[in-house]
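A quick write-up on the structure given underneath.
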Amino acid sequence: MAVESELSPDGKKLTIRVKGRFDFGKHQEFRRTYEDDSGRSSRQFDAVVVDLKEATYLDSSALGMLLLLRDHAGEESQISVINTTPDVRKILAISNFEKLFEIS
């Protein structure tokens, strides 16, 4: 799988790992990580971490997916985008995403 998720033992933190190209082709897979069939939603998480360590590419549809995640999680949830490459960090900065997400 190119998008994987892991729930912390206490169930309060969801980590989403994106591998390869983070583009529209990952939309359904990415969305499934925080909206599963059991009805559990990211609104129940205190924190959501999007790990881009193994992401090789990011485009505007990926930015849209991050915004959809933020909308779904609500303003109470802390959403972090971690392990960004310099190029990805530049794209996020140009898009003013550092105002919406914690980026490292």
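With only alpha-carbon atoms in the gyration tensor, what are the semi-axes of the equivalent ellipsoid for the chain, in Å, largest first?
20, 15, 12
Summing Lys, Arg as +1 and Asp, Glu as -1, what charge do residues with Cβ under 14 Å from the Cβ of residue 20 carry, residue 20 excluded?
In short, -1.
Given a cut-off of 13 Å, what percent of all Cα-Cα pairs of the stretch 56-104 lie beyond it?
So the portion of pairs separated by more than 13 Å is 55 percent.
How far apart, in nm, are two points set 7 Å out from the Cα along the Cα-to-Cβ line at residue 60 and at residue 19?
3.0 nm
Under 5 Å between amide hydrogens, which residues at least 5 positions from residue 49 or on another chain qualify, with H placed 1.01 Å from N in the peptide plane?
Residues meeting the amide H criterion: 14, 15, 16, 80.
To the nearest 500 deg cm²/dmol, what mean residue ellipticity at 222 nm is calculated for the chain from DSSP H runs of n ≥ 4 alone, each contributing -39,500 (n - 2.57), summed and divided by the residues?
Mean residue ellipticity at 222 nm (helix-derived): -9000 deg cm²/dmol.
Please list, by residue number, everything in the stretch 8-36 whose backbone N is under 19 Å from a paramagnetic label point 7 Å out along Cα→Cβ of residue 100.
16-18, 22-35
For residue 99, go through the aspartates and glutamates and keep the ones whose alpha-carbon is under 16 Å away, minus same-chain ones fewer than eight residues off.
Reachable aspartates and glutamates: 71, 75, 76.
Laboratory data are not the source of any read-out in this text; all were calculated from the coordinates shown. The model shown is predicted, which means the values in this text are computed figures rather than measured ones. Every residue, glycine among them, receives a Cβ derived from its backbone with ideal geometry; neighbour counts consider all protein chains shown.
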